[in-house]
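Asker: This is the structure, below, for whatever I ask next.
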Amino acid sequence: EGHETWLANTVGDSVNWKSFEWAHAADPDAILYANEYNVVVWGTAPAYHALIETLVAKGAPIHGIGAQGHMEGDIDWNDVKEKLDYMADLGLPIRITEFDMKIDEFSVSDLNMAARYAEMMRTVFSHPAVNGMVFWTNWDGDAWRAGSGLYDAYRIPKLAADTVYH
């Protein structure tokens, strides 16, 4: 069971797979991903895995697995890899749909931010099931998590921007 359950609890869990059917009917060319948070950070991977198995079994046209990556102040690349391995056994491509870190909250230095962002990119892009990664914010002026942008509040590139580029 995913985090957002109000609608399914209100109208029935068939809305979970029917929504994919409706989206596919509206646009048969759309590539449809499920999406959940805390999959590569904390412990929601087993529940998410089970949900996707159910959706696929019910005929939902799911083309990929979205896994949000809102990390804390560090990255345990081995833990991320293990969770990606676990989700990959479903046989669908995986995309990190939201990546950021708690940079200011954990007082992560510019150098360590660049190293952690590079580590995350190497970890996910070296995994054969991963086909993409989306940064949740580009600049600190609009960041959900303070300091997590690749550019500061004045849109000046941080070391992490250069590291990600290269």
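The values are calculated or read from the model by the stated rules, or taken from the named source; none is laboratory data. Since the model is a prediction, treat every value here as computed from it, not as a measurement. Methodologically, a virtual Cβ is constructed for each residue, glycine included, from the backbone with ideal geometry; neighbour enumeration extends over all protein chains shown. With ligands, DNA and RNA removed, areas are computed over all heavy atoms of the protein, side chains included. Shrake-Rupley method; radii C 1.70, N 1.55, O 1.52, S 1.80 Å.
Asker: Within the set of pairs 6+ apart or on separate chains, which have a first residue in the range 84-97 that is under 18 Å from residue 121 (Cβ atoms), a second that is among the β-branched types (Val, Ile, Thr) and surrounded by fewer than 16 Cβ atoms within 10 Å (Cβ to Cβ), and C-beta atoms under 6 Å apart?
Answerer: 97/134
Asker: Identify, from the list 104, 89, 79, the residue that is over 17 Å from residue 132 (Cα atoms), under 16 Å from the mean Cα position of the chain (by Cα) and among the acidic types (Asp, Glu).
Answerer: Numbers: 104 fails: under 16 Å from the mean Cα position of the chain (by Cα); 89 fails: under 16 Å from the mean Cα position of the chain (by Cα).
Testing whether each residue is over 17 Å from residue 132 (Cα atoms), under 16 Å from the mean Cα position of the chain (by Cα) and among the acidic types (Asp, Glu) leaves just 79.
Asker: Which count do you get for residues in the range 115-162 that are within 30 Å of residue 63 (Cβ to Cβ) and either in contact with a helix residue (DSSP H, G or I) (Cβ under 7 Å, 6 or more places away or on another chain) or of a type in the set (A, V, I, L, M, F, W, C) (or both)? Give the steps one after another, and end with the answer.
Answerer: As a first pass, look at the range 115-162 and keep what is within 30 Å of residue 63 (Cβ to Cβ): 116-138, 142-145, 148-150.
Filter once more, so that each one left must be either in contact with a helix residue (DSSP H, G or I) (Cβ under 7 Å, 6 or more places away or on another chain) or of a type in the set (A, V, I, L, M, F, W, C) (or both): 117-121, 123-125, 127, 129-130, 133-136, 143-144, 149-150.
Of the residues in that region, 19 qualify.
Asker: Only one of these is open to solvent by 40 Å² or more (accessible area, probe 1.4 Å) and in contact with an Asp or Glu (Cβ under 7 Å, 6 or more places away or on another chain): 42, 77. Name it. Reasoning before the result, please.
Answerer: On the way: 42 fails: in contact with an Asp or Glu (Cβ under 7 Å, 6 or more places away or on another chain).
Within the list 42, 77, the selection yields 77.
Asker: Let me ask something additional. Looking at the range 61-74, which of the residues that are more than 12 Å from the chain's Cα centre (by Cα) and modelled with pLDDT of 95 or more is most open to solvent (accessible area, probe 1.4 Å)?
Answerer: Step one: list which residues in the range 61-74 are more than 12 Å from the chain's Cα centre (by Cα), which gives 61-63, 72-74.
If we keep only those that are modelled with pLDDT of 95 or more as well, we get 61-63.
On the way: 61: 28, 62: 16, 63: 67 Å².
Selected residue: 63.
Asker: Across the range 128-148, what is the number of residues that are under 19 Å from residue 109 (Cα atoms), open to solvent by less than 80 Å² (accessible area, probe 1.4 Å) and either among the aliphatic types (A, V, I, L, M) or in contact (Cβ under 8 Å) with a residue 40 or more places away in the chain (or both)?
Answerer: Of the residues in the range 128-148, 5 are under 19 Å from residue 109 (Cα atoms), open to solvent by less than 80 Å² (accessible area, probe 1.4 Å) and either among the aliphatic types (A, V, I, L, M) or in contact (Cβ under 8 Å) with a residue 40 or more places away in the chain (or both).
Asker: Kindly evaluate residue 76 against the criterion of being within 24 Å of residue 145 (Cα to Cα) and without any contact (Cβ under 8 Å) to a residue 24 or more places away in the chain.
Answerer: yes
Asker: Continuing with the same structure: For residues that are within 17 Å of residue 42 (Cβ to Cβ) and of a type outside the set (Asp, Glu), scanning just the range 80-93, find the one that is surrounded by the most Cβ atoms within 10 Å (Cβ to Cβ).
Answerer: Within the range 80-93, the match that is surrounded by the most Cβ atoms within 10 Å (Cβ to Cβ) is 83.
Asker: Just one of (1) closer than 16 Å to residue 55 by Cβ; (2) among the aliphatic types (A, V, I, L, M); (3) open to solvent by 70 Å² or more (accessible area, probe 1.4 Å); (4) modelled with pLDDT of 90 or more trips up residue 23, so point out which.
Answerer: For residue 23, the failing item is (3).
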